[in-house]
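Structure record follows, encoded as structure tokens.
The values are calculated or read from the model by the stated rules, or taken from the named source; none is laboratory data. It should be emphasised that the depicted structure is a prediction, and the values quoted were computed from it without experimental measurement. Note that we place each Cβ from the backbone using ideal geometry, even for glycine, and neighbour counts take in every protein chain shown.
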Amino acid sequence: MATLEGCRCRSASARNNSSILYSILKSDSLHLLLKGSSSSCSSSSGPGSLQELRQQACSCGSTRRRGVLSSPQVTCKAASAVLVKTLRFVKNVPCFRELPEDDQLMLIRSGWAPLLVLGLAQDRVDFETTETVEPSMLQRILTGVPDRQSEILAGQTRVAVGVSVVDIEAIKAFLKKCWSVDISTKEYAYLKGAVLFNPDLEGLRCLHYIQALRREAHQALNEHVRMIHRDDSMRFAKLLIALSMLRAISPLVVAQLFFRPVIGAVNIEEVLMEMFYGK
């Protein structure tokens with residue numbers, strides 16, 4: 001068991017039940033303003049290398065393709081419930097509560113999104129999306145829609161419609177990976193520990209302690225797999241692959257897909273701090 005050396009224990013205040021997400025979970029309905037629009041994007045050929053043409057096609061295609069939740073009322077509420085459960089799990093980890101508050105804040109900011117997606121997998125929360133298309137620069141000019149730079153200069157707040165289809169597919173691929181492996185409750189707990197204790201963050205006061213905690217999480221997971229799944233020599237490797245897929249998912253994408261329809265442009269980190277520390 002890792003020991004805490006050179007770190008001061010700080011306690012945190014209880015959860016604030018009046019937070020935005022708690023209010024959402026208590027309400028019978030969500031008033032969401034999501035309106036997806038469908039448009040087409042055509043590509044034109046011109047002089048240039050094959051690589052340039054591929055980049056143009058990518059810019060016109062996959063990077064423009066975006067998606068929104070097909071059933072935001074259901075999915076956002078499910079994601080909110082998973083987030084509450086995730087933060088409760090973190091608060092109940094003794095080793096985490098022994099860390100200085102500064103380290104706790106850094107780990108929460110770094111880990112809330114992958115922990116949430118891991119929780120979605122554990123609770124088998126599936127979702128469907130509807131595809132939309134981000135208007136191109138030419139479309140904006142021709143239709144008179146201001147670009148993002150102009151809106152920022154004008155002091156306006158523009159919410160992009162949905163998130164990249166590529167990012168959505170990455171989340172779905174991770175969920176399918178977890179479900180195909182049929183991860184157990186204990187394995188999910190060890191995976192959460194490996195995600196939570198992230199020693200790769202700059203400025204951690206208890207870096208060596210956090211490194212030891214991550215090693216313990218990996219070792220415990222490996223030992224559990226070898227004991228329970230003796231006939232599956234590749235299971236531990238499959239779980240590590242799932243972890244690598246999880247770490248590639250952007251927190252910004254998670255916030256925009258699952259929470260922006262609920263809390264709008266509110267900073268998700270402020271909501272997290274309110275829920276975890278009552279700040």
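Exactly one residue out of Val74, Val68 is surrounded by fewer than 19 Cβ atoms within 10 Å (Cβ to Cβ), more than 20 Å from Glu274 (Cβ to Cβ) and of a type in the set (Val, Ile, Thr), and it is Val74. Of the residues in segment 139-161, at least one is at pLDDT 60 or above and within 30 Å of Ala81 (Cβ to Cβ). Of the residues in segment 246-268, not one is touching a Lys or Arg at 6+ places or on another chain (Cβ under 7 Å) and touching a residue at least 12 places away in the same chain (Cβ under 8 Å). Listed here are the helices (runs of 4 or more DSSP H) enclosed by segment 189-279 that have at least 1 residues being loosely packed, with under 14 Cβ neighbours inside 10 Å: 207-228, 235-247, 251-258, 268-277.
Flag: Arg88 does not match the condition of being surrounded by fewer than 16 Cβ atoms within 10 Å (Cβ to Cβ), farther than 30 Å from Ala217 by Cα, of a type outside the set (Val, Ile, Thr) and at pLDDT below 95.
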